[in-house]
Structures are given as structure tokens and as C-alpha cells.
Amino acid sequence: MTAWRRDFHRHPELGFEERRTAGIVAALLKDWGISVEEGIGETGVVGTLTGTRGPGGNRAVALRADMDALAMPEATGAAYASTVPGKMHACGHDGHTAMLLGAARWLAANRDRFGGTVHFVFQPAEESLGGAGRMVKDGLFERFPADAVYGMHNLPGLPVGTVAVPKGAVLASSDTWEVTFRGAGVHGARPHLGTDAPLAAAQFIAALPMIVAREIDPLQAAVLSVGHMAAGVRNAPNVIPSEVFLCGTARAFSEAVRSHLEARMAAVARGVAATCRVEAEPRYLRRISPTINRAEQAAVAVRAARAAVGDARTMDDHPPLTPGEDFSEFLAVRPGAYVWLGTGDPAHPEGFHHNPHFDFNDAALPHGAAFWCALVEQELG
């Protein structure tokens, strides 16, 4: 698994470009006698394995690993660092792919340990490009029926080999909002002759936190952040521009809170615009739904974790985190659960996800693969 992982790390591929990675995955699965279909959701791979143990062979589960890298330069200095300028595995998907391959190899050699069917789902384009949704639209669960679907992601900061299973919400929705304020541009020395779009934008930015602070239940959680502003010309500071563009991110752990953020962001933008005598054009772009574990599958995952890594390294609950994850697209159509695998403290102080210093800890590989195997035995044993 270490050799596979480091090879993937040397050759990172962005979303929907994972042809080399997918080819290696498919070839290995075929070598182990696993049925393989390629090109699902463009560059996705699904391997299917049927167990031989006893009755109850009609049940099926899907295990998912993501394969894509990120568009950023690597600064780890590792001997197996990226050989592709401006691309690196900065989120550990190389490790996810290697662990699911390890589990597939072991299960293929031990089919008598389970009955029913396992689908090994190697997903493309998790990083903001909608690979999970693409696979679903390509008929993933019609072509590979599954009673439950499971995902796993590495988590620096948790001790190596710890498996944490959140109850309920795991990760937040990840949406983008935009607002364009349009006024009448004018010379800055005579502001009364125009209408001030920058003033409206400033008041909107100041009012935005009010939505979370005063309209969301304190026992819930939400985020509205400004990430980009564009207005005017730098070489013309004496001109009040006629247009200001703002955009940012919105996060929530429930659909109700998500819908409230969407409605109120637009209402506040229009209200501020009316006060300032300008126009506002708000847009809310729903991208990734919140990832929420089903209770039944979370309980199965806890039992699998205890069997694989022991009680001391199993957390039967974990607080939700605010990043987003398109595994939620799978959970929208099939029950399932998403777990965290501890990879220890990062070697570099900045070595967390989406950072040029990030590197997956190979010591976690056997623990992740063991969890997958134990999960299959819990579901199909």
C-alpha cells in the first residue's frame, strides 16, 4: 500500500483527469479477480466482488475512495514528491485510494469471510468538481445496487489509527453566494450627484454576520464569509465606481439553516441596496449538501472500528467540521456513513489538508484497510 500510495503521490491528477490513477486501480483489481467497470462518471472505476460465505448473499455495500489531487505546488521535500508542476496530493486521496485497494486485495483472497457483494467505488473529482454527482447521474447505484454506502477520510490531529464515527452531521454544506451592487458612478469630490455602490457593499459586509449571530439558533452552526471583492480602478481613486462585486462561501449542517442563509443573504442585500438607492443582484449557488450520517450505518461503522483498531482507538462520536464533501451526493440516494481515520500530528506545523506541506502518513494505511475489511464483515459476514 505504501508503494501504491507514493506512486500516486508522484503522479497527481486533477479532477476528471485521473486516467493514469484509474488505469492502475483497474489493472490491480482485475489481477485479483475482481470484476471491473471503468469510465463511470468520466474517470471513475468500480470493482465488484461477491463473497462465498453462507446465505444472505442478496445484500450489497459500496465503499468509496476519492482519487483526485489539487492544483497547488508541493513543498514537502519528500523523495516521492509530485513530479507534476503545480499539482499535488494535498488532501490524502492518494492514501484513500491505496487503502481501498489494500482492502480489495485482502477481501478478494478471503471471499469466504463474507456473503453478498462489495462494490469498490474509486471516485474522480471530489475537489469541488462534483465527481460523486457525476457518478450518480451515470447510473452508479442502478448499475451497482447497494444497500449502504460508506466513505472514509484521513484526519491529521487524531492519533494514528484512530477511527472516529460522527453521529448525525459530519461536514457542512458548501455553497457560494454572489452579490453585485450597481449605482451611478460619479467623481469622488461630488458624491451627491451619484449613488454609492461601494457604500452599499460596505454596509452589506457589516450586516452579513448579523444573519448568523441573531437569526440562527445558537445550538446550530452556520458560516457566511466574504472571500472576494472587486470594484473600481486602482489608478482612479477619485472616482466612485458604479459597480461592486462580492462573493463568498456559506456553510450549514442542515437544509433548514442552509435555506435560511440563502433567503436572508438576498434579502439583506436588497434591503441595503434600497437604503443606499442602488440596485442589488444577489445569487446563491448550491454546490455541496451537508454530509449527514444515518444512525444505523454509523452504528455498523463503530462496530467495524472496534473490530479493526480496538476500543481504545474508536471514537463513537466526533463533532462536525465545516468543510464540505461531495460524498453527500451518495448519501442523498443511499443510506450510509462517513468516518475519519486519524493520521497523527502532521510532520510540518502547516501540514493539514490543502496545504503545500501536507503528506499522508503511511503508518495509517493498514488501519484504514483493516477498517474496510471489518466493515464488510460487519455488513456481510
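Before moving on, here are some points about what is shown:
- Single condition residue 334 does not satisfy, out of (1) at pLDDT 95 or above; (2) within 25 Å of residue 71 (Cβ to Cβ); (3) part of a loop (DSSP other than H, G, I, E, B): (2)
- Some residue of segment 190-203 being touching a helix residue (DSSP H, G or I) at 6+ places or on another chain (Cβ under 7 Å) and closer than 29 Å to residue 265 by Cα: yes
- Restricting attention to segment 299-331, the residues being buried (at least 22 other Cβ atoms within 10 Å of the Cβ), touching a Leu at 6+ places or on another chain (Cβ under 7 Å) and not aliphatic (A, V, I, L, M) number 1.
- Set 255, 243, 279: member being modelled with pLDDT under 95 and either under 19 Å from the mean Cα position of the chain (by Cα) or farther than 26 Å from residue 121 by Cα (or both): 255
- Subset of segment 118-133 [crowded, with 22+ Cβ neighbours inside 10 Å and either farther than 12 Å from residue 68 by Cα or among the small types (Gly, Ala, Ser) (or both)]: 118, 119, 120, 121, 125, 131, 132
- Hey, residue 363 outside any loop (DSSP other than H, G, I, E, B), buried (at least 20 other Cβ atoms within 10 Å of the Cβ) and at pLDDT 95 or above or not: no
- Within segment 270-291, one or more residues are closer than 24 Å to residue 41 by Cα, in contact (Cβ under 8 Å) with a residue 12 or more places away in the chain and among the hydrophobic types (A, V, I, L, M, F, W, C).
- Candidates 369, 301, 308 - the one that is among the aliphatic types (A, V, I, L, M) and over 28 Å from residue 134 (Cβ atoms): 308
- Evaluating residue 264 against the criteria (1) part of a strand (DSSP E or B); (2) over 18 Å from the mean Cα position of the chain (by Cα); (3) surrounded by 15 or more Cβ atoms within 10 Å (Cβ to Cβ) leaves one unmet condition, (1).
- Checked against (1) aliphatic (A, V, I, L, M); (2) within 21 Å of the chain's Cα centre (by Cα); (3) within 22 Å of residue 69 (Cβ to Cβ), residue 292 passes all but a single condition, namely (3).
- Segments classed as strands (runs of 3 or more DSSP E), wholly inside segment 139-220, with at least 3 members that are out of contact with any Leu (no Cβ under 6 Å at 6 or more places or on another chain), without any contact (Cβ under 8 Å) to a residue 40 or more places away in the chain and not aromatic (Phe, Trp, Tyr): none
- Matching residues in segment 202-229 - criterion: being under 19 Å from residue 276 (Cα atoms) and either surrounded by fewer than 12 Cβ atoms within 10 Å (Cβ to Cβ) or under 25 Å from the mean Cα position of the chain (by Cα) (or both): 206
The values are calculated or read from the model by the stated rules, or taken from the named source; none is laboratory data. All of these numbers come straight from a predicted model, not from anything done at the bench. Note: ideal-geometry Cβ built from the backbone for every residue, glycine included; neighbour counts use all protein chains shown.
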